[in-house]
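The values are calculated or read from the model by the stated rules, or taken from the named source; none is laboratory data. This structure is a prediction, so every number in the text was calculated from the model and none was measured. Positions of Cβ are backbone-derived with ideal geometry, glycine not excepted, and every protein chain shown enters the neighbour counts.
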Amino acid sequence: MFRPMRDAEAGVRLSFTFDGRPLTGRDGDTVAASLLANGIAACRETPVSGAPRAPYCMMGVCFECLVVIDGVGNRQGCLVPLREGMRIETQHGRRRPEEAA
């Protein structure tokens, strides 16, 4: 579905976690791109049915890539650059930005 346009081995590697699982990504990639590159498609669940959702537009329009980053919910993973040590979690349903995970 998605594949990197540049050499996957090039660039500085950054460590982060997703739902407690240690992963690595490339410096310069977004959170959503890093999750997809690690084989993770679903990053949130809908508030009504709990259906899994995945990044869709990758440019901040659709809000399907919402995740909890370092305890702050409703973050659009496609707009947030990956940083070393980020703690990223699946967003379960509706979350207020000021709520801790």
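A few points about this structure:
- Candidates are the residues of the range 80-94 that are of a type in the set (D, E, K, R) and not in a loop (DSSP other than H, G, I, E, B); the one that is surrounded by the fewest Cβ atoms within 10 Å (Cβ to Cβ) is R87.
- Inclusion of S34 among residues that are modelled with pLDDT of 95 or more and part of a strand (DSSP E or B) is not warranted.
- Residue list for the range 14-27, restricted to those being surrounded by fewer than 18 Cβ atoms within 10 Å (Cβ to Cβ) and basic (K, R): R21
- Summed over the range 28-56, residues that are loosely packed, with under 13 Cβ neighbours inside 10 Å and not small (G, A, S) total 3.
- Search result, residues across the range 59-79 that are touching a residue at least 40 places away in the same chain (Cβ under 8 Å), surrounded by 14 or more Cβ atoms within 10 Å (Cβ to Cβ) and not in a strand (DSSP E or B): G77, C78
- Verdict on Q76 being polar (S, T, N, Q) and within 9 Å of the chain's Cα centre (by Cα): yes
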